[in-house]
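Just so it is clear, none of the values below were taken in a lab; they were calculated from the coordinates. Being a predicted model, the structure only gives us computed values, none of them experimental. As a convention, Cβ positions derive from the backbone with ideal geometry for all residues, glycine included, and neighbour counts pool all protein chains shown.
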Amino acid sequence: MLIYVTNRNLCKDDFLNRIACLASGKPHAIILREKDLSPEDYQALAEKVKVICDSAGVQLIINKYIMVAKNLGISSVHVSLEDFKKYRDALQSISKVVVSVHSAKEAQEACNSGASALIAGHIYETDCKKGLAPRGLDFFREVCNSVSIPVFGIGGITQNRVKEVTEAGANGVCIMSEAMTYLSPSSLSSRILSFTLEDSCYTVTDCYYNKHGGK
């Protein structure tokens, strides 16, 4: 499965047009990251991105701003482990909570506390984490083996790395830099999804049941 993560500062063309092109490729979801925006500016942008995602039938995941998700009626959020613990009460009404983790211990804590899915990284060297050593595939494999909920890899993942991340145990991958810079964004999903093991139309909840052999 494929999740795109936005970063408009990397985008050299029209940001909303790029989102529309990416969404047309039917990824599993798009995380609107844009964490440098104020809550008000973030919500204004999220409203526009929601229209695009709804039109394409793609799940929009709100990053960090829980109230924005509630205001816009969006059921999925992505938060840090710190915020997951800090805003436990506020997250009770959110149906899908994706948590970022950086170790197997953190993964187990998030899983035991009710996270719907995890994003683990960063796996490879990436400009977004300049000066920080990548954690590598062994780290990622340990995280995947430590929990029973879906795990998505992030950090320096490009088309030619999707297969090895998936083979390490990923339910899917998160891609930011390539999504924001690839010259043909509408065709990126088909290229990447050819390497993944899961159908891109699953929701996080569907993925959870699939991993458990349930519904």
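Details
- For Q59, the residues 5 or more places off, or on other chains, whose built amide H falls under 5 Å of its own are I30.
- Here's how it looks for S100: its modeled amide H is under 5 Å from those of V79, S80, L81, I119, which are all 5 or more places away or on a different chain.
- Remark on H122: its backbone amide H falls under 5 Å from those of R135, a criterion applied only to residues 5 or more positions apart or on other chains, H modelled at 1.01 Å from N.
- Counting only DSSP H runs of at least 4 residues, each contributing -39500 (n - 2.57), and dividing by the residue count of the chain, the helix-based mean residue ellipticity at 222 nm comes to -12000 deg cm²/dmol.
- Listing S184, S95 from fewest to most neighbouring C-beta atoms within 10 Å gives S184, S95.
- Rounded to whole numbers, the Karplus 3J(HN,Hα) couplings from phi for region 76-85 are 10, 10, 10, 9, 6, 4, 4, 5, 4, 7 Hz, using 6.51 cos²θ - 1.76 cosθ + 1.60 with θ = phi - 60°, and x at Gly and Pro.
- Per-residue Cβ neighbour counts within 10 Å put L188, L118 in the sequence L188, L118, beginning with the fewest.
- Overall form of region 28-93 per C-alpha gyration tensor (a/c, 1.5; a/b vs b/c): prolate
- Of [x] 58, 36, 28; [y] 41, 40, 40; [z] 53, 40, 31, the label for Cα extents along the principal axes in Å derived from the coordinates: [y]
- Backbone HN-Hα couplings from phi across region 130-140 [Karplus 6.51/-1.76/1.60, Hz, Gly and Pro as x]: 4, x, 9, 5, x, 7, x, 6, 5, 4, 5
- Phi-based couplings in Hz for region 159-173 (Karplus 6.51, -1.76, 1.60; Gly and Pro marked x): 3, 7, 10, 4, 4, 6, 5, 4, 5, 6, x, 5, 7, x, 10
- Residues T6, T158 in ascending order of nearby Cβ atoms (within 10 Å, fewest first): T158, T6.
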